[in-house]
1. For the list (1) away from the ligand (no atom under 16 Å from the Cβ); (2) crowded, with 22+ Cβ neighbours inside 10 Å, I need the number of the one condition that LEU178 fails.
2. Residue check, LEU243 against (1) surrounded by 12 or more Cβ atoms within 10 Å (Cβ to Cβ); (2) over 22 Å from LEU54 (Cβ atoms); (3) modelled with pLDDT of 50 or more, all met but one. Which one?
3. Could you give every pair whose Cβ atoms fall below 6 Å, whose first residue belongs to the range 214-241 and is over 19 Å from LYS41 (Cβ atoms), and whose second residue is more than 9 Å from the ligand (Cβ to nearest atom) and assigned to a strand (DSSP E or B), counting only separations of at least 6 or pairs across chains?
4. Being surrounded by fewer than 22 Cβ atoms within 10 Å (Cβ to Cβ) and among the aliphatic types (A, V, I, L, M) is the filter; apply it to the range 79-120 and report the residue that is farthest from VAL48 (Cα to Cα).
5. Looking at the range 53-63, which of its residues are over 12 Å from the mean Cα position of the chain (by Cα) and within 16 Å of the ligand (Cβ to nearest atom)?
6. Go through the range 20-52 and report how many residues are within 15 Å of the ligand (Cβ to nearest atom) and over 25 Å from ASP64 (Cα atoms).
7. For the range 47-136, which strands (runs of 3 or more DSSP E) that fit wholly inside it have 1 or more residues that are modelled with pLDDT of 95 or more and of a type in the set (Asp, Glu)?
8. Kindly indicate which of GLY79, GLY89, GLY75, GLY28 is without any contact (Cβ under 8 Å) to a residue 24 or more places away in the chain and on the phi < 0 side of the Ramachandran plot.
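The values are calculated or read from the model by the stated rules, or taken from the named source; none is laboratory data. What you see is a predicted model; the values in this text were computed from it and never measured. Reconstructed Cβ throughout: ideal geometry from the backbone, glycine too, with neighbour counts over all protein chains shown.
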Amino acid sequence: MTAARDAELSLALTALRLRVARAAEAAGRDAGDIELLPVTKFFPASDVVALHRLGCSAFGESRDQEAAAKVEEVGGLVGNDPIRWHMVGRIQRNKARSVAQWAYAAHSVDSPKVIAALDRAAEEALDDGRRPAPLRVYLQVSLDGDEARGGVDVAATDRIDDLCGAVDSARGLEFVGLMAIPPLNADAGEAFARLERERDRVQRRFQQRLGLSAGMSGDLEEAVRHGSTCVRVGTALLGSRPLTSPEVVTPVTPSSQTPDSPELPESSPPEGSSQ
Ligand SMILES: *Cc1c(COP(=O)(O)O)cnc(C)c1O
């Protein structure tokens, strides 16, 4: 950790807070209703510690293996209690147990199998005191229907209702909202408007105020304009990520996957993100 990096992060955080405040003001919203979630994937624990000193108390990670190690390292440096970790990347079913161990929230849940696995793992963790509260879950929706990139097709309202219902009734989980990443080359404003309409629809159905995890470095203003309550920001705060990491070249052995698991290996870049 260097003084130069600390200063860089401090400046970037100030600029980012200003962006969120201006976006909120332009939308006639209270900036306090919008959480700024730094996404620290690929960046070292020392950056998390520096941002923590600057007042950040929640962080997003997109890969279980990297996150679990970082959570432990950061915990050793600042004490575990004050930090809430969010899983923002795709979750493989065989990683549910680990995710339920370190994550306060999961933003990218989009299948019945993952819901069941997370519920089971979170319930066990609740029962033996490893979790203080249920895992907060955002259901991810796909705004262009390309479910291979993650999320449930926004047009498949029956399936969305079923999955939201499954999360809502799971004892180990708490249903907190919807999440989406705009399709590649899409107009972010139109994409987030569609997401906001779907959030409103689901909200009416579940009679519960729901959050919206939407907006990243390049499009957070549009997301805030359309009701985002959590912007997930990496690049604008921490700088460019490397194009590859050591994990990307690590082959996934057949034994590390369950036979009926069609999910991509964890080393795949998060869909839709600007890797
Ligand atoms: C990496 C990532 C982000 C952050 O993206 P930036 O464009 O760097 O701000 C946000 N959401 C998810 C799901 C990510 O994987």
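1. Going through the list (1) away from the ligand (no atom under 16 Å from the Cβ); (2) crowded, with 22+ Cβ neighbours inside 10 Å, LEU178 breaks only (1).
2. The one condition LEU243 does not meet is (1).
3. GLY227/LEU212; SER228/LEU212; THR229/GLY211; THR229/LEU212
4. Here the residue is ALA116.
5. Initial filter on the range 53-63 (over 12 Å from the mean Cα position of the chain (by Cα)): 53-57.
Once the filter is applied, which keeps residues that are over 12 Å from the mean Cα position of the chain (by Cα) and within 16 Å of the ligand (Cβ to nearest atom), the range 53-63 yields only CYS56.
6. Filtering the range 20-52 for residues within 15 Å of the ligand (Cβ to nearest atom) gives 20, 23, 34-43, 47-48, 51.
Then drop every residue that is not over 25 Å from ASP64 (Cα atoms), which leaves 20, 23, 34.
Matching residues across the range 20-52 total 3.
7. Values: elements: 58-61, 84-87, 105-109.
Per the criteria, 58-61.
8. Working: GLY79 fails: on the phi < 0 side of the Ramachandran plot; GLY89 fails: without any contact (Cβ under 8 Å) to a residue 24 or more places away in the chain; GLY28 fails: on the phi < 0 side of the Ramachandran plot.
Exactly one of GLY79, GLY89, GLY75, GLY28 is without any contact (Cβ under 8 Å) to a residue 24 or more places away in the chain and on the phi < 0 side of the Ramachandran plot, namely GLY75.
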